[in-house]
Amino acid sequence: ERRGGADECDAAGDYRPDMLAMLTWGGEPLEDDPDEMLHETSAGVVMGWAVMENRIQLGRLPRVGTRIQTFAATVAIHDKVMQRIHWTFDLDTGDALTVFENVSVAFDIGGRRAMTIPEGYREKVLGRLQPDLASRTTA
């Protein structure tokens, strides 16, 4: 849980559209979150993520001080690709403010190419996989 910050809002207290990414990414990650931005494989390859597709559904933006919380789930994992959905809620009304869906490919940073998701990383993600939460258009 967090509150919409004044630095994310304009002088009138409305959430700034240019800060939309922070609405989704601005919370505190879980301590054992396997979805860190960079991951070093046992072979020493540094893997990151290249976003292939983003989709957002916007209900409304919060105002300064609105109690919000973002939740995320991995809904699909394949050889090189992972799909995640993030939901942001207004905790006082229960309204879904945003639904942000992305499809990302595992990316070998040094080799500058797509790569197979490393088995250790895949195992962590599979432990939290929630295919039942996929949107109807991607299920």
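The values are calculated or read from the model by the stated rules, or taken from the named source; none is laboratory data. The model shown is predicted, which means the values in this text are computed figures rather than measured ones. FYI the Cβ positions are ideal-geometry reconstructions off the backbone, even for glycines, and counts take in every protein chain you see. In case anyone asks, the SASA skips ligands and DNA or RNA and just uses the protein heavy atoms, side chains included. Shrake-Rupley method; radii C 1.70, N 1.55, O 1.52, S 1.80 Å.
Of everything in segment 108-123 that is crowded, with 18+ Cβ neighbours inside 10 Å and not in a loop (DSSP other than H, G, I, E, B), the residue that is modelled with the highest pLDDT is R122.
A single member of V99, V103 is at pLDDT 95 or above, open to solvent by 10 Å² or more (accessible area, probe 1.4 Å), part of a strand (DSSP E or B) and under 12 Å from R55 (Cα atoms), and it is V103.
Among the candidates R63, R128, R55, the residue that is in contact with a Cys (Cβ under 8 Å, 6 or more places away or on another chain) and touching a residue at least 40 places away in the same chain (Cβ under 8 Å) is uniquely R63. Within segment 42-70, being within 17 Å of the chain's Cα centre (by Cα), open to solvent by less than 50 Å² (accessible area, probe 1.4 Å) and over 16 Å from V125 (Cβ atoms) holds for A50, I68, T70. Within segment 71-86, at least one residue is in contact with a His (Cβ under 9 Å, 6 or more places away or on another chain), assigned to a strand (DSSP E or B), open to solvent by 40 Å² or more (accessible area, probe 1.4 Å) and not acidic (D, E).
Taken together, the criteria place T93 among residues that are at pLDDT 95 or above, part of a loop (DSSP other than H, G, I, E, B) and not hydrophobic (A, V, I, L, M, F, W, C).
Condition check ((1) modelled with pLDDT under 95; (2) in a strand (DSSP E or B); (3) under 21 Å from E8 (Cα atoms); (4) among the polar types (S, T, N, Q)) across all residues:
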| residue | (1), (2), (3), (4) |
| --- | --- |
| T24 | yes, no, yes, yes |
| L30 | yes, no, no, no |
| L61 | yes, no, yes, no |
| Q69 | yes, yes, yes, yes |
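The sole residue among H86, H39 that is modelled with pLDDT under 90, touching a helix residue (DSSP H, G or I) at 6+ places or on another chain (Cβ under 7 Å) and under 30 Å from G120 (Cβ atoms) is H39. When segment 1-18 is filtered for residues that are in contact with a strand residue (DSSP E or B) (Cβ under 8 Å, 6 or more places away or on another chain) and open to solvent by less than 60 Å² (accessible area, probe 1.4 Å), the ones remaining, listed by number, are R2, G4, E8, C9, G13, Y15.
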